[in-house]
Amino acid sequence: MDHQAPPPPHVLIFPLPFQGPVNCMLKLAELLSAAGLHVTFLVTHHIRHRLLRHSPIQTHFSRYPNFQLVSISDGLPEDHPRLGDQCMELFDALESVTKPLYRQMLTSGGTQKPVNCIIADGILGFAIDIAKEIGMPIISFRTISPCFIWVVFCLPKLIESGEIPFRDNDLDSMITSVPGMENFLRKRDLPSFCRSGDVTDPFIRLFSTESQLSPRADGLILNTFEDLEGPLLSHIRTLCPNLYAIGPLHGHLKSRLAVASPPSSGSFRQEDRTCLAWLDQQPPKSVLYVSFGSLATITKDQLMEFWCGLVNSGKRFLWVIRSDCLGSGGDSERQIPAELQEGTKERGYIVDWAPQVEVLAHSSVGGFLTHSGWNSTLESLFEGVPMICWPSFVDQQVNSRFVGEVWGLGLDMKDTCDRVIVEKMVRDLMEERRDEFERSANRMADLARRSVTEGGLSFQDLDRLIQDIRSMSLPASH
Ligand code: UDP
């Protein structure tokens, strides 16, 4: 007798409402949609509005009839900046406003089809609580770097051993309570919130709580690959044994869907694609791409140090200066001096927002001055582009240490912002030590590509994830 094929499972994907996590989870959503699963992508109203306004998400995902975009309130007024220092207000509002709405949505059939499995950002602890409450499988996805996740898992140890709060101001002294990192982790490489001098700091509390919750999920997805962070992943597996290392996700999309450069369908800002035409006119590997991501803000003084350093280096550069990069207190449009616009005409190009994945894949780009956000790091690494790291917060301090000291993919400029150092580092990366960095960057890019190609470990882990989700949706007798 013929058995009817079971209907495809329905997965609800719930990213943290920031650019990096949304970009990353949207890539997973596409990979699962392409594998034939039903996917509901749940974002906040604010993010939905920005995606529909600035990204081709609707046209891009129209090829997947089983994909739907759904939104929920984040509890903040529309004009809240949701940036840098004010991020904590978003976390508070998610807990007090979004959590009950989310519970109601799941329990009152607000998703059209019944959900078989939830994939939520691991920092949204309430998603795990609610899934457990209603008996639904949940897989956590930490889109932040695994090296940071491991540091965060070790926060109780760091506090117990007295390594945080810091007893003195010597940021170069070594940290010994993070197994696997004893030989290179300094105080200055710990997440920025460890510098607060207060173990009740809201970020320390937030991340400690999250790490206690993560093992309760049915699995943990990480955007990384074994060849990059194998030893660390072994440590994380001691707490979360069902780990799926499926990165780099944007590389996975390129490889599985056989597209040279997938459109970044998740931009919250209008991409200025004129920079690609400008790059077309530059010599191979001659341009330094500069971007500090979607959230970090800088002071006007720092902006000027970077500008002078870049111009004085004599190298070509493409610089993303977001209109809100000076934070809510400054209007960068008005405060950027006319000479900045003028002085860059010769060798520079400035945009408000770039199609970053395409920029990093462009043959004219030879280096990346980055804030070391995890998506940016992986995007650069996948294209074999060496980095200068200027981290701002959360995972960026530890990411930049790995880039500089562990993987040899570039230079770590953390805690300094001086035009002379900027100039020197740009010259070192693009000229003096170029061969050395290029060699290690190419080697790592090769490993990254292999991991997401058939037979690679990330490729296999994504297959296993899809298979596990399918099994979750089968009736109990199967
Ligand atoms: N990005 C982009 N255009 C830009 C700058 C950034 O598309 O001009 C994208 C970038 O490709 C990455 C994301 O924004 O996927 C930033 O994420 P990341 O984790 O690097 O940093 P965050 O913004 O979360 O600090």
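Odds and ends about this structure:
- Charge context of G384, other residues only, Cβ under 12 angstrom, K/R +1, D/E -1: 0
- For the chain, the solvent-accessible area of protein heavy atoms averages 40 Å² per residue (probe radius 1.4 Å; ligands and nucleic acids excluded).
- Among residues other than Q397 with Cβ under 14 Å from its Cβ, the summed charge is 0 (Lys and Arg +1, Asp and Glu -1).
- Ordered from highest to lowest accessible area with the whole protein assembly present and a 1.4 Å probe, S214, S73 read as S73, S214.
- In summary, the lysines within cross-link reach of K27, defined as a Cα separation below 27 angstrom excluding same-chain residues under 8 places away, comprise K99, K113, K132, K254.
- Local electrostatic count, A120, Cβ distance below 14 Å [Lys/Arg +1, Asp/Glu -1]: -1
- Legend: calculated FRET efficiency, L457 to L239, from the Cβ-Cβ distance at R0 = 25 Å, rounded to 0.05, equals 0.80.
- Protein-only accessible surface at a 1.4 angstrom probe places the residues C417, C325 in the order C417, C325, largest first.
- A probe of 1.4 angstrom, applied to the heavy atoms of all protein chains, finds L83 with accessible area near 10 square angstrom.
- FRET E, pair E182, V420, Förster distance 35 Å, beta-carbon r, rounded to 0.05: 0.60
- Accessible area (Å², 1.4 Å probe, nearest 10) - E78: 110 Å²
- Rel. contact order, % - alpha carbon contacts under 8 angstrom, at least six apart, the chain: 17 percent
- When the chain is described by a simple charge dipole with +1 on each Lys and Arg Cβ and -1 on each Asp and Glu Cβ, the residue from L360, S471, P165 located farthest towards its positive end is S471.
- Here the accessible area is traced with a 1.4 Å probe on the protein chains. For the chain, carbon and sulfur cover 49 percent of it.
- Counting only protein chain heavy atoms and rolling a 1.4 Å probe, the accessible areas of M387, M136 rank, largest first, as M136, M387.
- Cβ-placed point charges (K, R +1; D, E -1), dipole of the chain about Cα centre in debye, nearest 20: 940 debye
- E305 accessible area, 1.4 Å probe, all protein chains in place, Å² to nearest 10: 40 Å²
- Where trypsin sites (Lys or Arg not before Pro) fall in DSSP loop in segment 131-167, at most 14 other Cβ within 10 Å: R167
- Euclidean distance of C-alpha centroids, segment 55-113 and segment 154-202, integer Å: 34 Å
- Only Lys, Arg, Asp and Glu carry charge here, each on its Cβ (+1 for the first two, -1 for the last two); on that basis segment 1-135 has a dipole of about 440 debye about its Cα centre.
The values are calculated or read from the model by the stated rules, or taken from the named source; none is laboratory data. Quick caveat, the model's predicted, so the values are computed rather than measured. Neighbour counts run over all protein chains shown; Cβ positions are idealised from the backbone, glycine included. Each accessible area value is taken on the protein alone, full model and side chains, heavy atoms only, with ligands, DNA and RNA left out. Shrake-Rupley method; radii C 1.70, N 1.55, O 1.52, S 1.80 Å.
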